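K.L.:
Right, I'll just put the structure down here and ask away after.
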Amino acid sequence: MHKPMPIKSVCVYCGSRLGNKDLYQKQAKELGQLIAGAGLSLVYGAGSIGLMGVVARAARDSGADVIGVIPGHLDDVEITQPGLAELHVTDDMHQRKKMMFERSDAFIVLPGGLGTLDETLEMMTWAQLSLHSKPIILVNTNGYWSPLVELVKHVVADGFASAENADLLTVATSPAEAVKMLEAINKQGEIQ
């Protein structure tokens, strides 16, 4: 097995809302700080609202380069975060997702809604189709993503995907564990 490319940038998928538990915001802030502490750049959806804004401000304020990518039609709705190292405004959601993918070496998923699910499942699908081998790590805050993990197992069990597809997602229990997984890839070439 070849050693993966070094991870220099991480895309974080998460909610454009804060959710109804303080733990979500706490872990979003922690993740942003840890990304900066690990010397990584953050790639995200460019908004200043919800968990995405919390992650971005924490990463930016801790010294990380923060790269925002937003489609023009959401620029006003999601109120673009000031102080980004780079801001890219795309024509549509498809361009946004593609650019976020191209600018990222790995993906970390915090709690979020339908958009977060869409982005995560698309990256899983692209990995299934051998379009990439970038790590996809779910931070399973308080069991938030357990239903998704079980759904993937169900899809495999009922014969609609191979057993390897269940391994496309790696589950972490905390932001610290997720970032340690990325650091392990950089040091040893595999998730520990």
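The values are calculated or read from the model by the stated rules, or taken from the named source; none is laboratory data. On a predicted model such as this, the values are computed, not experimentally measured, just so you know. Here Cβ is always computed from backbone atoms with ideal geometry, including for glycine, and neighbour counts include all displayed protein chains.
One line per residue, one yes/no per condition, for (1) in contact with a helix residue (DSSP H, G or I) (Cβ under 6 Å, 6 or more places away or on another chain); (2) without any contact (Cβ under 8 Å) to a residue 40 or more places away in the chain; (3) crowded, with 21+ Cβ neighbours inside 10 Å; (4) closer than 23 Å to Leu169 by Cβ:
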| position | (1), (2), (3), (4) |
| --- | --- |
| Gln33 | yes, yes, no, no |
| Leu40 | no, no, yes, yes |
| Ile79 | no, yes, no, no |
| Gln95 | no, yes, no, no |
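K.L.:
While we're on this one: Across the stretch 179-192, what is the total count of residues that are touching a helix residue (DSSP H, G or I) at 6+ places or on another chain (Cβ under 7 Å) and modelled with pLDDT of 95 or more?
P.N.:
Of the residues in that region, 1 qualify.
Residue-by-condition table, conditions (1) free of Cβ contacts under 8 Å to residues at least 12 places away in the same chain; (2) under 12 Å from the mean Cα position of the chain (by Cα); (3) surrounded by fewer than 20 Cβ atoms within 10 Å (Cβ to Cβ):
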position	(1), (2), (3)
Met100	no, yes, no
Gly113	no, no, yes
Glu119	no, yes, no
Leu131	yes, no, yes
Pro135	no, yes, no
Asn140	no, no, no
Glu150	yes, no, yes
Phe160	yes, no, yes
Asp167	yes, no, yes
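K.L.:
Which number in (1) among the aliphatic types (A, V, I, L, M); (2) out of contact with any strand residue (DSSP E or B) (no Cβ under 9 Å at 6 or more places or on another chain); (3) farther than 16 Å from Glu30 by Cα marks the one condition that Ala176 misses?
P.N.:
(3)
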